[in-house]
Amino acid sequence: MDSKKRTCVKECKNTGVIGSNIISHCQSQENDSTSAGSSWYTQEPLYMQWKHQSCMSDCRYYCMIRREEERQLGGLSPVKYHGKWPFKRVSVFQEPLSAALSALNLLTHFIGWLSFFLQVNYRLPLRPQTKRTYYEYTGLWHIYAILSLNAWFWSTIFHTRDIDLTEKLDYSSAVAQLGYSLILTLLRTFNVKDEAGRVMFAAPILAFVTTHILYLNFYELDYGWNMKVCVAMGVVHIVAWTTWAVVTHHPSRFKVWIVIFGGALAMLLEVYDFPPYKGYADAHSLWHASTIPLTYLWWTFVRDDAEFRTSTLVKKAK
C-alpha cells in the first residue's frame with residue numbers, strides 16, 4: 001500500500017468521510033480506546049469489533065478507488081492492494097461476479113449431490129439384507145458434497161464481504177474440500193474398500209491438511225504458500241485420475257478425461273493472474289465460471305460410477 005493510500009485510510013478512519021462518501025461504520029466509534037490485547041472482560045462487544053472491521057474495509061475500498069482513478073489519469077496500470085485487485089462494488093457485493101459465480105457453483109453441487117442421492121437410494125437396487133447401497137463409495141461422496149457446499153458457501157460470503165473472518169473461512173473451507181477430494185481420489189483410483197486401508201491413505205493427508213489450516217488461521221495467512229499447497233494437491237489429483245482413466249475400462253472414463261483437461265486449464269487461471277476487466281472480471285472469477293460445467297459433468301460421472309459398480313456387484317451376487 002503506497003503512502004497516499006495509507007494517509008487516505010487513516011483520515012477516513014478518523015473522519016468517516018472520503019470526498020462525497022460518508023462511511024457510516026466509521027461514525028461514533030466510542031470504544032476506540034479499548035485495547036485489542038486486553039483481558040476478555042474489558043474487550044469491546046462483538047458487534048463493535050465487526051463495526052471496526054467494516055470501517056477499515058470500507059475505508060480501504062474507497063481509498064483504493066480514489067487511488068486507482070489517480071493512477072488511470074497518469075496512464076498507469078492497476079495494481080494489487082492488500083494482495084487483491086481493485087474491484088468495483090455492486091450494492092453490498094465487493095466482488096459481484098465472483099460472488100454470483102460462487103453461488104452458481106454452490107447450486108450446481110447441490111443439484112449434483114441431490115441427483116446422486118436419489119439415484120443410489122431410490123433408483124438403484126439395495127442390498128437385500130441391510131438395505132444399504134451396493135456402491136462402496138456412497139458415504140464418501142456424501143461427505144465430499146457437504147464439504148463442497150460448505151466451501152462454495154463461504155466463497156460466496158467472502159466475495160460478498162471481504163473481511164478477516166470471511167477470508168479465513170473461505171480459505172480454510174477450500175483447503176479442507178481440496179484435501180478431502182485428494183483422499184477420495186486416491187481411495188477410488190486405487191479401489192481401496194477395506195477400512196484399514198482407507199485409514200492408512202487418509203491419516204497422513206488429514207494430518208497435513210489440518211496443520212496447514214491451523215497455520216493459515218493462527219500463524220500467517222500466506223497466500224503464496226497456500227497457492228503452492230493447493231496446486232500440489234491439484235497436480236496429484238490430475239495424475240491419479242489420468243492414470244486411472246488410462247488403465248481402466250470404465251464406460252464413463254471419457255468424462256474423467258474432459259474434467260481432467262478442463263480442470264488443468266482452469267488451474268492456469270489461478271496461477272497466471274491478471275487485473276479485472278472493467279473492474280469486474282479477473283482470472284479468479286473466470287476460474288469460478290469454468291468450474292460450473294466441470295462440476296455438473298463430474299457429478300454425472302459419479303452417478304455413472306455408482307451405476308456401473310452396482311451393476312457389477314449385483315451380477316456377482318447372482
Acute angle (nearest 10 degrees) that the helix 283-317 long axis makes with the longest principal axis of the chain, alpha-carbon atoms: 20
Please sort by residue number the chymotrypsin sites (Phe, Trp or Tyr not before Pro) in the range 196-255 whose DSSP state is loop and whose Cβ has at most 11 other Cβ atoms within 10 Å. 219
Taking a threshold of 26 Å on the Cα-Cα distance, which of the pairs 4/168; 131/316; 4/278; 4/88; 131/193; 84/255 fall above it? 4/168; 84/255
Counting all C-alpha pairs of the chain, share separated by more than 31 Å (%): 42
Let me check against my output: what whole-number percent is the relative contact order of the range 96-317, with C-alpha pairs under 8 Å and at least 6 apart? 30
Give the aspartates and glutamates whose C-alpha is closer than 20 Å to that of residue 315, dropping any in the same chain fewer than 8 places away, or say none. 136, 304, 305, 307
To make sure I understand the rule: partners must be aspartates and glutamates, Cα under 19 Å from the Cα of residue 13, and not fewer than 8 residues away in the same chain. Which ones qualify? 2, 30, 32, 44, 58, 162, 164
Where trypsin sites (Lys or Arg not before Pro) fall in DSSP loop in the range 249-312, at most 10 other Cβ within 10 Å: 278
Looking at the range 89-123, which chymotrypsin sites (Phe, Trp or Tyr not before Pro) are DSSP coil and have at most 10 other C-beta atoms within 10 Å of their C-beta? none
Working from Cα positions, state the angle (0 to 90°, nearest 10) between the long axis of helix 3-15 and the longest principal axis of the chain. 80
Neighbour count of at most 10 Cβ within 10 Å plus DSSP loop: longest GluC sites (Glu not before Pro)-free window in the chain: 31-219
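Mean residue ellipticity at 222 nm from the helices of the chain, using -39,500 (n - 2.57) per DSSP H segment of n ≥ 4 over the full residue count, to the nearest 500 deg cm²/dmol?
-24000 deg cm²/dmol
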Among 233, 200, 267, which one shows the biggest mean-square fluctuation in a GNM of the chain, springs joining Cα atoms closer than 10 Å? 200
Highest GNM mean-square fluctuation among 245, 306, 232, for the chain with Cα springs under 10 Å, belongs to 232
Cβ-isolated cysteines (cut-off 4.7 Å), the chain: 230
Fluctuation leader among 127, 161, 89 - the chain, Gaussian network, Cα springs under 10 angstrom: 127
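Where a number appears in this text, it was derived from the coordinates with a stated rule and is not lab data. Owing to the predicted nature of the structure, the values given are computational and were not obtained by experimental measurement. Every residue, glycine as well, gets a Cβ built from its backbone with ideal geometry; the counts of neighbours run over all protein chains shown.
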